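Reading through the structure tokens given below for one structure.
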Amino acid sequence: MITRTVPGYAPGVRIRDMALADCAAVAEIRVRGWQRAYAGLIPSAYLDAMDPAQDAERRRTHLMAEGGSVNLVAEAPDAELTGWACYGPCRDEGVRPGSAELYAIYVRPDRVGAGIGRSLLGEVTARSLSAGFDAIILWVLKENVRARRFYEQAGFRPDGAEETFEAGGARVPEVRYTHPLTPPAAV
């Protein structure tokens, strides 16, 4: 298991590989993150019906499954989990080969803005580059202005692709962002 203290963005926060024991905390972060970030963008009945216990079981199943995804957690100095990210090979057809995809990144709602998301994204970027990926792709809700600004500040740009998914009977539009990865310059 890799654990790394991330300087700069969120002092004292450690990023490490997710363990089965983290599933309940990650599910709580994910569900509460959806409920806060997507309020007004996804039907409230859908968001209200999200259940952390059911999501924890899905997290356990995904974590135990063989596959190419990597799950990371952000851990505060007191060992409380404050964020989660999941990434792996890009699932989209038609994107350049060698692209990674950021499947999800969520921070506890009361810790948004504390640098945890940037720390997680930085670790995803470093690991993707180390694994030989040359770009990272992600999908973000078209109307999620805060998330889009976050990704744009990190160097991601929309690539023109759009799609929708269904949530609670509503069609929710998403846009795809991409960020090319370049190895650090030799010193």
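The values are calculated or read from the model by the stated rules, or taken from the named source; none is laboratory data. Note that the coordinates shown come from a computational prediction; the quantities given were computed from them, not determined experimentally. In this analysis, Cβ positions are derived from the backbone assuming ideal geometry, glycine residues included, and neighbour counts consider all displayed protein chains. Accessible surface areas use protein heavy atoms only, side chains included; no ligands, DNA or RNA. Shrake-Rupley method; radii C 1.70, N 1.55, O 1.52, S 1.80 Å.
What number of residues within the range 32-51 are assigned to a helix (DSSP H, G or I), over 16 Å from Ala104 (Cα atoms) and either in contact with a Gly (Cβ under 7 Å, 6 or more places away or on another chain) or open to solvent by less than 50 Å² (accessible area, probe 1.4 Å) (or both)? Write out each step before concluding.
The initial filter retains those residues of the range 32-51 that are assigned to a helix (DSSP H, G or I), namely 32-37, 44-48.
This time we only want the ones that are over 16 Å from Ala104 (Cα atoms), so: 44-48.
Still in the list and also either in contact with a Gly (Cβ under 7 Å, 6 or more places away or on another chain) or open to solvent by less than 50 Å² (accessible area, probe 1.4 Å) (or both): 45-47.
Going through the range 32-51 one residue at a time, the tally reaches 3.
The sole residue among Ile29, Ile15 that is surrounded by 17 or more Cβ atoms within 10 Å (Cβ to Cβ), modelled with pLDDT of 95 or more and in a strand (DSSP E or B) is Ile15. The residues in the range 52-64 that are open to solvent by 60 Å² or more (accessible area, probe 1.4 Å) and either of a type in the set (D, E, K, R) or under 21 Å from Tyr87 (Cβ atoms) (or both) can be counted, and the count is 6.
Can you list the strands (runs of 3 or more DSSP E) lying wholly within the range 92-187 that have 1 or more residues being buried (at least 18 other Cβ atoms within 10 Å of the Cβ) and touching a strand residue (DSSP E or B) at 6+ places or on another chain (Cβ under 8 Å)?
Working: elements: 99-107, 135-141, 157-167, 170-180.
Hits in the range 92-187: 99-107, 135-141, 170-180.
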